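Written below as structure tokens is the structure these notes are about.
The values are calculated or read from the model by the stated rules, or taken from the named source; none is laboratory data. Source: prediction; values computed, not measured. Methodologically, a virtual Cβ is constructed for each residue, glycine included, from the backbone with ideal geometry; neighbour enumeration extends over all protein chains shown.
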Amino acid sequence: MNSGYTFRDFVASSFAGMSVVDFYAARYSRIPRNTWHERISKGLIRLNGDVLDSGERVVAAGDRLEYFRPPWEEPAAPTELPVLFEDEDLLVVNKPAGLPVLPGGGFLEKTVVHLLRTREARWQTVSPLHCLDRGTSGLLLLGKSREARSALGRDFMRHRIGRVYLAVLQGWVEQERFSVEVPIGQEEHPRLGPVEAASERGKASRTDFEVLARDPFRQVTLTRAMPHTGRTHQIRIHAAYAGHPLEGEPFYVRGGKWDPAQALGEGDCPLPGACGFRLHSWKVRLTHPRTSETMQWICPPPEGFWAGENGT
């Protein structure tokens, strides 16, 4: 059980004159209005520090609204975070698959950021320099100093940091090397709202794949995946677009989008943030922001990632 969390919102001028319930219904459109009425009746929402007794109170520009979500049981997740490197600017950890980097999707304290910030006093301000899907394992870089966060943030945006992933793809991939350059952007899912997918309206994206090994019995292919851009779910989407979704991929199918039958069917709908796929952040290469030294880390994949081998 975690300690709960307070969600804070400041009312923009475009929302001025709305009732509190109308504000929340517009701000969080996927949550029913009656849910906000219930939360107000339980005393969980404050307006400018005062507990609300009615959702009909009108808000003005600059008002502060706070919703306290009571403690809840978070989904199971691994919490071990081996440290691979640390200096005054950088922290490099080996993130296990199943542990999210940031809060979201029911996770608050079982996240990389929370675990690190509460583990050591010197890590209280660490921030991830890039993000890995919850289901992705391996190298994760975090900035400790303001200078490192700023400089390496620019390097990531300018594609100056080399990243190599290991990815197990479904099927027998014939080509030894191939590239995928389909744009990635948000597409409207019938049940989930906007989700990242291959999209003609998306942002330019490119991933290079290189085959390392093939397993004729399991019909899977081990590849190096080298993203030149950093779009959300990029390697997963590009592998699926190429006709070879990651082994264990729960959401993306051939073409780089979701399965229409699952999206429109009854019962639970797969989520893009679900785990099960085989993707590992294997190698990172960068220029140190303080020393200008070229640095590189290699992190072997977890046991059993590729038919019991280490995949390197």
Of the conditions (1) exposed (fewer than 14 other Cβ atoms within 10 Å of the Cβ); (2) at pLDDT below 95; (3) of a type in the set (A, V, I, L, M, F, W, C), the single one that residue 10 does not satisfy is (2)
By residue number, the members of the stretch 113-129 that are within 18 Å of residue 82 (Cβ to Cβ) and of a type outside the set (A, V, I, L, M, F, W, C) are 114, 117, 118, 119, 120, 122, 128
Just to be sure, is residue 90 without any contact (Cβ under 8 Å) to a residue 60 or more places away in the chain and either of a type in the set (Asp, Glu) or over 30 Å from residue 10 (Cβ atoms) (or both)?
no
Among the residues of the stretch 93-151, the number that are part of a loop (DSSP other than H, G, I, E, B) and in contact with a helix residue (DSSP H, G or I) (Cβ under 8 Å, 6 or more places away or on another chain) is 14
Apart from one, (1) at pLDDT 95 or above; (2) within 24 Å of residue 74 (Cα to Cα) all hold for residue 28; the odd one out is (1)
### Query
In this structure, is residue 179 outside the structural domain of residue 228 (by TED's automatic domain parsing), over 20 Å from the mean Cα position of the chain (by Cα) and of a type in the set (Ser, Thr, Tyr)?
no
- Query: Is one or more of the residues making up the stretch 61-83 closer than 25 Å to residue 150 by Cα and in a loop (DSSP other than H, G, I, E, B)?
  - Reply: yes
Residue 168 passes all but one of the listed conditions (1) surrounded by fewer than 19 Cβ atoms within 10 Å (Cβ to Cβ); (2) under 20 Å from the mean Cα position of the chain (by Cα); (3) not in a helix (DSSP H, G or I); the exception is number (1)
Going through (1) over 18 Å from residue 178 (Cβ atoms); (2) more than 17 Å from the chain's Cα centre (by Cα) one by one, residue 214 fails only at (1)
Within the stretch 135-183, the residues that are of a type in the set (Lys, Arg) and either within 29 Å of residue 251 (Cα to Cα) or touching a His at 6+ places or on another chain (Cβ under 8 Å) (or both) are 163, 177
Scanning the stretch 251-279 residue by residue, those small (Gly, Ala, Ser) and under 15 Å from residue 195 (Cα atoms) turn out to be 255, 256, 263, 273, 274
Restricted to the stretch 3-27 and to residues being in contact with a strand residue (DSSP E or B) (Cβ under 9 Å, 6 or more places away or on another chain) and part of a loop (DSSP other than H, G, I, E, B), the residue nearest to residue 66 (Cα to Cα) is 11
Exactly one of 142, 84 is within 27 Å of residue 207 (Cα to Cα), surrounded by fewer than 20 Cβ atoms within 10 Å (Cβ to Cβ), aliphatic (A, V, I, L, M) and in contact with a strand residue (DSSP E or B) (Cβ under 9 Å, 6 or more places away or on another chain), and that one is 84
Scanning the stretch 30-54 residue by residue, the ones that are part of a helix (DSSP H, G or I) and of a type outside the set (Phe, Trp, Tyr) total 8
Reported set for the stretch 171-207 where residues are surrounded by fewer than 13 Cβ atoms within 10 Å (Cβ to Cβ) and either of a type in the set (Ser, Thr, Tyr) or on the phi > 0 side of the Ramachandran plot (or both) is 193
